[in-house]
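*Asks:* Mind having a look at this structure? Questions to follow.
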Amino acid sequence: MREFLFINDLAEAAIFLSENYFEKTPINIGSGHEISIKDLAFLIAQVVGYDGLIDFDIQKPDGMKRKALNSEKINKLGWKPSIELEFGIETTYRWFLDNPEKIRY
């Protein structure tokens, strides 16, 4: 399971914290939503219109089972992300399609 946060939400959270958080301790900024890598792969395929085979190599190690943040502290301050994962993927994909000259490999 992994947690993703759209860059615009991260920027908004940084501004929010600069105005509302004055402690010296770190604070997590997360979406609060987890998705499996398998479900993420199928979501990306749906967004980009890929209908081919997605093959997972089950012989490889899984890595950490979960990588999620505890964002309770920032949520209690009144900040929550506004961009859903699917919309973020769609937005990013459209940007890549519309800006091929800006993509460096």
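Laboratory data are not the source of any read-out in this text; all were calculated from the coordinates shown. Every value quoted in this text rests on a predicted model; they were computed, and no experiment measured them. Don't worry about glycine lacking a Cβ; one is built from the backbone with ideal geometry, like all the others, and counts go over all protein chains shown.
*Asks:* Pick from Gly78, Gly88, Gly52 the residue whose mean-square fluctuation is largest in a GNM of the chain, springs joining Cα atoms under 10 Å.
*Replies:* Among Gly78, Gly88, Gly52, the largest mean-square fluctuation in the Gaussian network model of the chain belongs to Gly52.
*Asks:* Once phi is turned into ³J(HN,Hα) by the Karplus curve 6.51 cos²θ - 1.76 cosθ + 1.60 with θ = phi - 60°, what whole-Hz value does each residue of region 45-53 show in order, with x for glycine and proline?
*Replies:* Result, ordered by residue: 4, 4, 5, 8, x, 8, 10, x, 6 Hz.
*Asks:* Compute the length gained on full extension between Tyr105 and Glu34: take 0.36 nm times their separation in residues and subtract their Cα-Cα distance, giving the result in nm to one decimal.
*Replies:* Taking Tyr105 through Glu34 to full extension adds about 22.7 nm, to one decimal.
*Asks:* How much mean residue ellipticity at 222 nm does the chain get from its helices, if each DSSP H run of length 4 or more adds -39500 (n - 2.57) and you divide by all residues, to the nearest 500 deg cm²/dmol?
*Replies:* -13500 deg cm²/dmol
*Asks:* Related question: Filter the GluC sites (Glu not before Pro) in region 1-71 to those in DSSP coil with at most 10 other Cβ atoms within 10 Å of their Cβ, and list the result.
*Replies:* Glu23
*Asks:* Right, next: Pairs of Cα atoms under 8 Å, at least six residues apart: use those to get the relative contact order of region 2-102, whole percent.
*Replies:* Computed value for region 2-102: 44 percent relative contact order.
*Asks:* Okay, next question. For region 17-105, please report how many Lys pairs fall under 30 Å Cα to Cα, leaving out neighbours fewer than 8 apart on the same chain.
*Replies:* Summing the qualifying lysine pairs gives 15.
*Asks:* Separate question: Near Glu3, within a Cβ-to-Cβ distance under 9 Å, what is the net charge of the other residues, with Lys and Arg +1 and Asp and Glu -1?
*Replies:* After counting each charged neighbour, the total is +2.
*Asks:* Which FRET efficiency value, to the nearest 0.05, is calculated for Ile15 and Phe87 with the Förster distance at 25 angstrom and r the Cβ-Cβ distance?
*Replies:* Details: r = 20 Å, r/R0 = 0.81.
So, using R0 = 25 Å, E works out to roughly 0.80.
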